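Right, one structure below, let's go through it.
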Amino acid sequence: MDPIADLSMFDLTLWTFVAIAIWYMVFYFRALLRYRQASNNHGCQQPPSITQRDPIFGFDLMLRLHRALKRNHRNKSIVQLFSSHGLTFCAPSSTSTKFYTIEPKNLQTIFSTDASSWGVEPMRRFAFEPFVGKGIMCVDGKDWEHSRTLIKPTFARAQITDQHLEDFERHVDRLIDLIPRDGSTVDLQPLFSRLALDASTEFLFGEALGALKKIGFSNESSEFLQAYNYGQYVLGKRLHLPKWNFLTVDKRFQRSCRVAHAFVDECIARTQRALRGSQGHDKTRERYVLARDLVSQTIDMKDARNQLLNVFLPAHEAVGVALTNTFFNLARNPRVFSKLRQEVLKAGAQGKPWTFERLKGIKYLQYIINESFRLNPSIGTNTRMALNDTILPTGGGLRGTSPMYVRKGDVTTTSFYALHRSKDVFGEDADIFKPERWEGLRPPPWSFLPFGGGPRVCPGQNLALTEISYALVRIVEAFERIENRDPVMEFVEVYKITTDSGNGAKVALFSERR
Ligand code: HEM
């Protein structure tokens, strides 16, 4: 008698399930035992854990944050979690643990001293690669070093400051022309977004998109932008769904990839032609363009395209978002706008052109920018995955001071938004906009990180700060007074790669000069 032949289809399926469940449990308990042993050997303890109804997949927290995102208060929900659990907490599941930490010692470890143990590739590469290829935003290790080395020279401070300001000036002139001078209501958000687009396309591809020049410009009027926005939307979905292409790859996504690639390939070809034509010319007055530097450094044009598309991802929105958030705050604090105007007029009285150093010299301007980045950081959270078993120095145990053992595949999320609202660092009134708090304030290391930190710190930091400072200075020079025109006073967050203002920055600006 053949026992297998006697089994019904139902029995077979049942036994297969039982066998898989037993195999999984053996695997799970062995891994748990190994983890407990390693953790004990290093004196590590778990941090407080959030209460979960689903300990197997840990869906509770995911659902909670997803609901908060839909209601536009994801950052605020994370702050609430930190206030009820302390500076570090976790959400364990049967496969991995998600750590949430804003403990500066842990941030220093993740982003700097043990940065090689933490990466983004396992989370991002599958999602990003079909669209932006292999580049700085989605790789780790040697591939990341390659990307960072390729883009580094263009970003070097000396190259992008005053020379870059001369190019940026034209865009800001256009922006100011588009702001009504008679005090009628204007939403600055779409204007700042176009400014950021023009500046970033000029810096990366050598030619501005002309978003501020074209009347009625919208994302739909540029085929490249339309494709890029759709690609970025799909990329966001791919980050959260299982790694199966059929879930996200549709005809429109494939077409968006083709359009974006063709746009950048054409810009590379144009750069190559220009480079061949300019041999022997004086290069000292040339603008700094990432495409040109990449083409001169590498012969692999697909690599150059990938690097450009990767850098465009963080570059094209962040400055616009930061300026919108700053004006959101200025509109609600017209006293700060007036005080800044006085400081700017004083500093500008010599009539010399604005330079990086002169902008940096206006202390109150720097306080306003810091304060706005503190309260409304353009990038609200940052997530890294452990690439091997490692240890975080603090946050474990009942008192939250023991080290914590982290297994390969565990994930940490840092909320810059929550970090920047620490009452211990920024004072009891940390929730309000008060640029004066920066007078004499030097936040301890790793407690103010609008641009991240360590080897993966934002390479565009100086460029972005110069652009933000210059645009602010020019606007307060041109307008005497600001008025808020938004009936909703609180910041309604829209959470994308950046954290945008859901209600924009609706203001009225008044100028005597018509
Ligand atoms: C207000 C403006 C900006 C803010 C607040 C900002 C913020 C950040 C932050 C927090 C990171 C770190 C992400 C991480 O650790 O994974 C980052 C990375 C990056 N940013 Fe920015 N950024 C800004 C503007 C720019 C601009 C204008 C560019 C380019 C022109 C740029 C290019 C990059 C690149 C390429 C990375 C990846 C660096 C790496 O992984 O090595 N950013 N940015």
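The values are calculated or read from the model by the stated rules, or taken from the named source; none is laboratory data. The structure presented is a predicted model; accordingly, all values stated were derived computationally and were not measured. When we count neighbours, we look across all protein chains shown, and the Cβ atoms used for this are built from the backbone with ideal geometry, even at glycine. The protein model used for the area step is the full one, side chains on, heavy atoms only, and it has no ligands, DNA or RNA in it. Shrake-Rupley method; radii C 1.70, N 1.55, O 1.52, S 1.80 Å.
List of remarks:
- Comparison of SER147, SER117 shows that the only residue that is away from the ligand (no atom under 14 Å from the Cβ), among the small types (Gly, Ala, Ser) and either at pLDDT 95 or above or touching a Ser or Thr at 6+ places or on another chain (Cβ under 6 Å) (or both) is SER117.
Conditions (1) assigned to a loop (DSSP other than H, G, I, E, B); (2) surrounded by 17 or more Cβ atoms within 10 Å (Cβ to Cβ), marked per residue:
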position	(1), (2)
PRO459	yes, yes
LEU463	no, yes
LEU472	no, yes
VAL494	no, no
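- Residue within region 24-43 that is open to solvent by 100 Å² or more (accessible area, probe 1.4 Å), in a helix (DSSP H, G or I), farther than 27 Å from ILE391 by Cβ and without any contact (Cβ under 8 Å) to a residue 24 or more places away in the chain present: yes
- Total residues in region 451-493, condition closer than 26 Å to THR383 by Cα, away from the ligand (no atom under 12 Å from the Cβ) and of a type in the set (A, V, I, L, M): 1
- Pick from region 211-233, criterion within 15 Å of PHE128 (Cα to Cα) and surrounded by fewer than 19 Cβ atoms within 10 Å (Cβ to Cβ), ranking: nearest to the ligand (Cβ to nearest atom): ASN229
- PRO455 open to solvent by 60 Å² or more (accessible area, probe 1.4 Å) and closer than 27 Å to HIS146 by Cβ: yes
- Contact map, region 199-210: residues that are at negative phi and more than 10 Å from the ligand (Cβ to nearest atom) paired with residues that are at pLDDT 90 or above and of a type in the set (S, T, N, Q), Cβ distance under 7 Å, separation 6+ or inter-chain. Pairs shown: GLU207/THR201; ALA208/THR201; LEU209/THR201.
- Taking every residue in region 122-137 that is at positive phi and pairing it with any residue that is at pLDDT 95 or above, at least 6 positions away or on another chain, the pairs with Cβ-Cβ distances below 6 Å are GLY133/ASN306.
- Qualifying residue in region 393-415 (condition: open to solvent by 50 Å² or more (accessible area, probe 1.4 Å) and hydrophobic (A, V, I, L, M, F, W, C)): yes
- Long-range neighbours under 6 Å by Cβ, at least six apart or interchain, first residue more than 20 Å from ARG335 (Cβ to Cβ) within region 477-495, second in a strand (DSSP E or B): GLU493/THR499; VAL494/ASP500
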